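Novice: Below is a structure I'd like to ask you about.
The values are calculated or read from the model by the stated rules, or taken from the named source; none is laboratory data. Keep in mind that this is a model prediction, so the values were computed, not measured. FYI the Cβ positions are ideal-geometry reconstructions off the backbone, even for glycines, and counts take in every protein chain you see. Just so you know, the surface numbers come from the protein's heavy atoms only, side chains and all, with ligands and any DNA or RNA stripped out. Shrake-Rupley method; radii C 1.70, N 1.55, O 1.52, S 1.80 Å.
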Amino acid sequence: QVQLVESGGGLVQAGDSLRLSCATSGRTFGKYGWFRQAPGKEREFVAAVSGSGGSTSYADSVKGRFTISRDNAKNTVYLQMNSLKPEDTAVYYCSASPIRSLGSRSDYNYWGQGTQVTVSS
């Protein structure tokens with residue numbers, strides 16, 4: 001049974017940092033991603049990492065501030081978020097796909113329950 005369990009969300013001030021974790025179990029996937037959904041908006045791609053952890057991809061809005069990584073020994077995917085802005089406020093979801101290519105952002109078919117990140121100004 002595949003499980004993705006996020007943790008690490010919370011309430012922070014603008015400029016602060018947070019690290020989200022996603023514990024994965026059940027199988028190894030070709031890639032893992034983080035997505036987010038703000039109130040009244042569609043879910044959007046944030047970042048992706050290959051199953052090996054060797055390749056990454058980022059949305060332009062977080063490039064240079066967020067870092068995604070994968071620790072295969074711990075079966076955990078991380079999202080280090082620095083210089084947080086109020087517009088980063090959203091529910092963040094961990095996801096997984098059997099497809100290795102990071103180019104596609106619509107082929108994720110396993111999802112966690114989400115963790116709330118709120119950034120105050």
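Novice: Before I look further, what does the chain give for accessible area per residue, probe 1.4 Å, in whole square angstrom?
Specialist: Heavy-atom accessible area per residue stands at 50 Å².
Novice: Of the peptides 47-56, 9-18, how do they stack up when ordered by the mean number of other Cβ atoms within 10 Å, highest first?
Specialist: 47-56, 9-18
Novice: Run the quick spin-label model on residue 85 and residue 3: label points 7 Å from Cα toward the beta carbon, then report their separation in nm to one decimal.
Specialist: 3.7 nm
Novice: Hand me the tally of lysine pairs in the range 26-121: alpha carbons under 20 angstrom apart, and the pair either on different chains or 8 or more positions apart.
Specialist: 4
Novice: Hey, for a label at residue 23 modelled as a point 7 Å past Cα toward Cβ, could you say which residues of the range 49-87 have their backbone N under 13 Å away?
Specialist: Only 74-77 pass the distance filter.
Novice: Using a 1.4 Å probe on the protein heavy atoms, what percent of the accessible area of the chain belongs to carbon and sulfur?
Specialist: 44 percent
Novice: Determine the dipole magnitude for the range 13-104: charges of +1 sit on the beta-carbon of Lys and Arg, -1 on that of Asp and Glu, nothing else is charged, the reference point is the Cα centre, and the result goes in debye to the nearest 20.
Specialist: Around 280 debye, computed over the range 13-104.
Novice: Using only the alpha carbons of the chain, what is the convex hull's orientation-averaged projected area in square nanometres?
Specialist: Dividing the Cα hull surface by four gives the mean projection, 6.8 nm².
Novice: Still on this structure: Roughly speaking, what is the stretch gain from residue 11 to residue 44, that is 0.36 nm per residue apart minus the C-alpha to C-alpha distance, in nm to one decimal?
Specialist: So the extension gain works out to 9.8 nm.
Novice: Still on this structure, please answer the following. Output the peptides 66-74, 31-39, 99-107, 79-87 sorted from most to least packed, where packing is the average of other Cβ atoms within 10 Å over each peptide's residues.
Specialist: Highest-to-lowest ranking by the protection proxy: 31-39, 79-87, 66-74, 99-107.
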